[in-house]
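Here's the structure, in structure tokens; my notes come after.
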There are 2 protein chains.
Amino acid sequence: MTGAEALIRTLLAGGVDTCFTNPGTSEVHMVAALDRIGEMRCVPGLFEGVVTAAADGYARMAEKPACTLLHLGPGFANGIANLHNARRAHVPMVNVIGQHATHHLRHDTPLSGGIESIARPYSRWLRTSRGASMAGRDTAEAITAARSASGQIATLIVPADVSWSEGGSVPPFPPPPEAEMPGPEMVQRASAMLCSGLRTAILLAGNALYGKGLEHAGRVAAATGAKLLAPYPLSRLQRGAGLPAVERVHYILEQAKQQLEEFRQLILVGAQAPVAYFAYPGKDSTLTPAECEIFTLAISDQDCAGAMEALAALLPGARQPEETPARPALPEGAITLSGLASTIGALLPENAIVVDESMTSGRGIMAATQTAPPHDWLGNTGGSIGIAMPLAVGAAVACPDRHVVCLSADGSGMYTLQALWTMAREGLRITTVIFANRAYAVLKREFSYLNIGSPGQLASSLFDIGRPDLDWVRLAQGLGIPGTKVTSLDEFANALRNGFESGGPTLIEVPL
Amino acid sequence: MTGAEALIRTLLAGGVDTCFTNPGTSEVHMVAALDRIGEMRCVPGLFEGVVTAAADGYARMAEKPACTLLHLGPGFANGIANLHNARRAHVPMVNVIGQHATHHLRHDTPLSGGIESIARPYSRWLRTSRGASMAGRDTAEAITAARSASGQIATLIVPADVSWSEGGSVPPFPPPPEAEMPGPEMVQRASAMLCSGLRTAILLAGNALYGKGLEHAGRVAAATGAKLLAPYPLSRLQRGAGLPAVERVHYILEQAKQQLEEFRQLILVGAQAPVAYFAYPGKDSTLTPAECEIFTLAISDQDCAGAMEALAALLPGARQPEETPARPALPEGAITLSGLASTIGALLPENAIVVDESMTSGRGIMAATQTAPPHDWLGNTGGSIGIAMPLAVGAAVACPDRHVVCLSADGSGMYTLQALWTMAREGLRITTVIFANRAYAVLKREFSYLNIGSPGQLASSLFDIGRPDLDWVRLAQGLGIPGTKVTSLDEFANALRNGFESGGPTLIEVPL
């Protein structure tokens, strides 16, 4: 058994059966081994930023790692931006990066350089495999690391000679450790805070935002009147009619401060204390009032759902309010942001997965979908734009029976539009909506905060991504996906319906 | 004067007057300063891989640095792959990367993380500016570093508070140091080798491959019968009718070994000793015969053109052979790779700039253009694919009066297709040819070296980038560029002519 075969068989033995990849020359031995073994589902991307975000989306929905197979330094580097987002999402992931043969490295050939240095900031576990006989064990350790805590990124660098040499084997390896629970005194303390009568919020993250974790959180809120919050950069939130209401902390500093000003206690469950995305001259980055006590019940590495279960067990049972909320009515007429939001709210299929990178165009969509049938909401966790379309790819691969609705700003979408091709190749059930405002609108808003008037010609030219306008319908068609441009809310509703009914990928461009 | 203003005014004072950029929120103060000052030419890219390769192409042709303005960690990370190529091209470049305000960093907000760690491998000079009063001096040192030796990458990280605070100034700074010359004993030694009667080649790089450097190299070759060689990963080579013939070292290991086997002496001028791109089991990575003496006349940091001038001065004058070579005849009929190469050879405009990432489809094009009118040839220096289209952007910005012919493989082109939009926006005179073989053909060839038969279904699915076929005409149109698909050599010739005559960007898809 070669090192490459040992690696792949160990991945399969560890439950890692899906590989997002863009292999290069140094990974050919790995591809040959994948070919021989044949049991790994391989999903290609035409750019590595697609590969890493797809592995992130897969992990968020499958709750287990996919692996990536990436081409040494530069190929990996192309995947960093979305790996940055994945790291902030606390997902499990195993990256396999090819490397030159060990004896070839001294020649400093063109593709050599810097893999470990650039991989380290994004990898909780990082190793270069030192021989075919170690490849299986290294892979097993990578899987265990990836599945530890709430989920981590593990990166294994595999020199070509480790891949091609004989002597590999698949080691036995223990099941991954359960995520650690916060101690009982921590749960007691949180319970006491919740019963103190002070206005309290619980800021949830990780697996406290969906499934059993969210159920327990709903019980805690019903029993105590505490407000449930999610961070603005959220990984996965289950929501919709009948589910506990969780409010997302606002993106804009002033709005977030206002939202949080009533609270005197904030309990963190897997989340960091809320701070502004960016600093501004003379403004404080902290979003909570000075008199708000912040208590960390669980850090992101701990079992957030378990923490909420333990907390709920200490509190009296309470009936959650029966809600029979109505969806928004289907609006008609000219395109407006609120009209688009209501249309999505009116038509969102049950059990959909919404991937949201709609940026400034989509601020009303969460409110409009609050009463839609239950669905999962995946966000941009690290602020690096260009996550939506490939994240949707991974979510759709993990959940082939669910509708994925991918909401993307046009500027963000241009970062990883190659993902559309993977959607087409894999026949994924994804309806992509492009909000085409032809601008980096978020930069215009940031400029307005400077209080120096309107942007001049040069600044405008950098904020504006028209001239020429991007034609997303042609881009989609060029990548193998049917696309349509809509000019009214009625057309948008029809295009959404057609997308959901098509059973495959479609794209809707909404000029704003 | 704010730190941002000091930075920009120092760049302008140092002759850096072109900025390739994709700014983000943390760079808004810098954009505002650019706006106020108004003297910097700013060329936007919709993705940072476009930005860094454009700065590389600009530097190769302008022989001075452009600056880039990039968005903290992830934005910079998107530019790494082409920065890797630029580092290998030994070009001057000044990267300016925004960073969170200094006091904001402790909050570990979503976009934080790892800039220095990922910037270091690609930056010969790296610094984080510590205050507005230091911004001008830091920038001056960055420019000096970038212009030192043959050209280096300098990276300056600028926290937002350094940008927005008052107290900046533009320092006086000395002209950059001249690149160091090899000592006279080194030149003497090379001269003695060339006069020894042993079969000798000179492997040239840097500025020995164009302009005065190439002229001197031609004189040395004419006087001694030495063969002039260029590395396969070449930065810039001036070539064509009447210019000294320089042969590129072959990419394929066996071919390169055969090409070099006759030589008993190899003189390196700015180049590394030739080695295989990749290692193979049981094969030596070294390309020169064991009995070949390798002598380094100049390293890449030294003045390669000056070294050739000094060498030529020691050798007797000799007339270079008068060549009156004929261009290839314009072929007709069905599309073949040799027919495409001859068509380019027959039609290439005088003083064109050819950017070549045609990969396996373009192996015959250098031979077919050897007798075309003089032109510059820019290659992929680091092996990270996705350089051609943005490199062409930078070359066209540096040389607006010249025709740029961009030859791109389809798989490579998909990495940075966003560059087409910048071509459209800036109205650049670039004719892009896409060789659409719908495969990572280089990987198929590498697989064939494994001697394990044909790729199976899984490997084939990773080497094949059809299903669905990319439609480059629609992609070009979607990005604002007229595109045409050709199905015969006649149509290809017409499309090339139309491209050259249009005065703006066009794209030609050649299905293979």
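What follows draws every value from the coordinates through simple rules; no lab data is involved. Computed from a predicted model, the values in this text were never measured in an experiment. Counting neighbours? That spans all protein chains shown, and the Cβs are built from the backbone with ideal geometry, glycine included.
Per the Cauchy relation, a quarter of the hull surface: what is the mean projected area of the convex hull of the alpha carbons in region A:337-511, in nm²?
On the way: hull surface 40.1 nm².
About 10.0 nm², averaged over all directions.
With only Cα atoms counted, the protein assembly as shown has Rg and Dmax values of 29.1, 100 Å.
Which FRET efficiency, nearest 0.05, do residue B:491 and residue B:338 yield, Cβ-Cβ r, R0 22 Å?
On the way: r = 17 Å, r/R0 = 0.76.
About 0.85, to the nearest 0.05.
Under a model in which nothing but the beta-carbon of Lys, Arg (+1) and Asp, Glu (-1) is charged, region A:3-164 shows a dipole of about 420 debye around its Cα centre.
Per residue of A:505-511, how many C-beta atoms from partner chains lie within 10 Å of its own C-beta, taken as a mean? Could you put the intermediate results ahead of the total?
Values: counts 0, 0, 0, 0, 0, 0, 0.
Averaged over the peptide's residues, the number is 0.
Arranged by the count of other C-beta atoms within 10 angstrom, fewest first, what order do A:267, B:252, A:344, B:299 take? Can you show the working numbers first?
On the way: A:267 28, B:252 15, A:344 25, B:299 19.
Exposure proxy ranking, most exposed first: B:252, B:299, A:344, A:267.
Take residue B:175, move 7 Å from Cα toward the beta carbon, and the resulting point lies 7.4 nm from the same point in each other copy, nearest first.
Tell me, in nm to one decimal, what length is gained between residue B:363 and residue B:185 on full extension, where the rule is 0.36 nm per residue of separation less the Cα-Cα distance?
Numbers: separation 178, 0.36 × 178 = 64.08 nm, distance 3.93 nm.
Here the answer is 60.1 nm.
Over every Cα atom in region B:138-241, the radius of gyration and the widest Cα-Cα span, Dmax, amount to 20.4, 67 Å. Going by a ≥ b ≥ c, the root eigenvalues of the Cα gyration tensor, does region A:361-433 fall in the rounded group (a/c under 1.5), the prolate group (a/b larger than b/c) or the oblate group? Judged from the Cα gyration tensor, region A:361-433 comes out oblate (a/c at least 1.5, b/c at or above a/b). The label point for residue A:273 and the one for residue B:169, both projected 7 Å from the Cα toward the Cβ, are 3.9 nm apart. Estimated from helices alone, the mean residue ellipticity of chain B at 222 nm is -11000 deg cm²/dmol (sum of -39500 (n - 2.57) over DSSP H runs with n ≥ 4, per residue). All C-alpha pair distances within region A:71-192, sorted into 5 Å bins from zero, spread as 2, 11, 17, 19, 16, 13, 8, 4, 3, 2, 2, 1, 0 percent across the bins.
Please state, to two decimals, what the Cα-based radius of gyration of region A:455-512 comes to when divided by 2.2 N^0.38 Å (N = residues). Could you put the intermediate results ahead of the total?
On the way: Rg = 14.7 Å, N = 58, 2.2 N^0.38 = 10.3 Å.
Normalised Cα radius of gyration, region A:455-512: 1.43.
In nanometres and ascending order, the distances from the residue A:338 label point to those of the other copies are 7.0 (point 7 Å from Cα along Cα→Cβ). Converting the Cα gyration tensor eigenvalues of region B:300-352 into ellipsoid dimensions via √(5λ) gives semi-axes, longest first, of 38, 17, 9 Å.
Need one number: convex hull volume per residue for region A:207-282, Cα atoms only, in Å³.
On the way: hull volume 7.9 nm³, N = 76.
Hull volume over Cα atoms, normalised by residue count, gives 104 Å³.
Ascending distances from the residue B:351 label point to its copies in the other chains, with the point 7 Å along the Cα-to-beta-carbon line: 6.7 nm. One equal scatterer on each Cα of region B:431-480, no solvent, Debye formula: the resulting log10 I(q)/I(0) at q = 0.15, 0.20, 0.22, 0.27 Å⁻¹ is -0.52, -0.74, -0.82, -1.03. Bridging of residue B:283 to lysines at a Cα separation below 29 Å is possible for B:227, B:257, B:444, once same-chain residues fewer than 8 apart are set aside.
Within straight-line reach of residue B:64, meaning a Cα separation under 22 Å, sit the following lysines at least 8 residues removed in sequence or on another chain: B:212.
Legend: P(r) of region B:1-159 from all alpha carbon pair distances, 10 Å bins from 0, whole percents, reading 12, 47, 35, 5, 0. Note on region A:184-314: Cα-only Rg and Dmax are 13.9, 45 Å.
Contour minus end-to-end for residue B:130 and residue B:103, with contour as 0.36 nm per residue of separation and end-to-end as the Cα-Cα distance? All intermediate terms of the calculation are to be shown ahead of the outcome.
Working: separation 27, 0.36 × 27 = 9.72 nm, distance 1.17 nm.
Full-extension gain reported as 8.5 nm.
For region B:247-361, what value does the Rg/Rh ratio take when both radii are computed over Cα atoms and Rh is the Kirkwood radius, given to two decimals?
1.04
Summarised as an ellipsoid, chain B has semi-axes of 37, 30, 22 Å, derived from the eigenvalues of the Cα gyration tensor scaled by 5 and square-rooted, with the largest first. With θ taken as phi - 60° and the Karplus curve 6.51 cos²θ - 1.76 cosθ + 1.60 applied, the whole-hertz 3J(HN,Hα) list for region B:31-39 is 5, 4, 5, 4, 4, 5, 6, x, 9 Hz, x standing for glycine and proline.
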